[in-house]
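Everything on this sheet refers to the single structure shown next.
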């Protein structure tokens, strides 16, 4: 059985400090010391009293309404998840510099958004706040944990679903992102995975990948317009289209409607994110759903595990996505 003495020795404080902290709510002590003692109590199983102070580094890209909706939903889900897990409400931090400066106030942090941070800033943050979990992407996989949708598997699932309905030429439409890590390659993981899986499946991709610009409705319209201009009326016209995100797919469907491309008969379209707008496009958009509640739950659980055990090995957790079929693409199972 763990004793008060063991807790005090591990935390580097006196036994009386531990006793007063746990039994006297008016006891005044440095916040950093308080959190260290409570963390040791939890780690050793002395008492279930550890309530970590958690910050959310909220740094998503801005300016696109549909992307803003995705992150607004994620903020709400994070707050609800913290409450359901009986955690204190996480503090919202808007910049990596602010989080680094205020590191002594927190035990760990969660990031949301795809902002690419300079490696020097990430290392400076890790030096003062080593426990963090990144949602959706991870700018420093050697420094912090991550919980992400398995977008590589999603691309394979989408290609398999297209092939199962008899589609022979599948195109890809995406935007510029960054591959996980500090290497800021001008390529999104969905594009990279699409190319790799299409090659393995022996599908032709030359001239069928349209991936440039930002994740906006306007860019989705422009890319789809270019695709139709390049291929319509030729034997290279694709019969399937996988879109990296709903925000692009909304614009793509608008362009296809304007150009009188029949969806899904002439060109089946499937996307990723399953935002609420997918139900109201014309035709309604088939999209792979990302479970934000599971992302949030796993982010908190992973962070708390790292804090309790002072884990130094980084974890990168992938979550599956699930196709929500609508009119723009009907899977073979629903066609029978």
Rounded to whole Å, give me the distance from the Cα center of region 224-274 to that of region 9-55. 58
To the nearest 10 degrees, the tilt of helix 65-84 (Cα long axis) against the first principal axis of the alpha carbons of the chain is 30
In degrees, nearest 10, range 0 to 90: what is the angle between the Cα axis of helix 217-231 and the longest Cα principal axis of the chain? 30
Just one of [x] 23.8, 83; [y] 24.9, 79; [z] 20.2, 62 is Rg and Dmax of the Cα atoms in Å as worked out from the coordinates here. Which one is it? [x]
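With a ≥ b ≥ c the root eigenvalues of the C-alpha gyration tensor of region 4-44, is it rounded (a/c under 1.5), prolate (a/b larger than b/c) or oblate?
On the way: a/c = 1.66, a/b = 1.35, b/c = 1.22.
Prolate is the answer for region 4-44, as a/c is 1.5 or above and a/b outweighs b/c.
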Give the shape of region 1-155 as rounded, prolate or oblate, defined through the alpha-carbon gyration tensor: a ≥ b ≥ c are the square roots of its eigenvalues, a/c under 1.5 means rounded, and otherwise the shape is prolate if a/b is larger than b/c and oblate if not. prolate
Tell me the relative contact order for the chain as a rounded percent, counting alpha carbon contacts under 8 Å between residues six or more apart. 16
So what's the angle, to the nearest 10 degrees on a 0 to 90 scale, between helix 151-164 and the longest Cα principal axis of the chain? 30
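Tally the DSSP beta bridges in the chain and give the antiparallel ones as a percent, rounded to 5.
Working: 4 of 36 bridges.
Among the beta bridges of the chain, antiparallel pairing accounts for roughly 10 percent.
Bear in mind that the values in this text are calculations on the coordinates, not laboratory data. Here the structure is a predicted model, which is why all the values come from computation and not from measurement.
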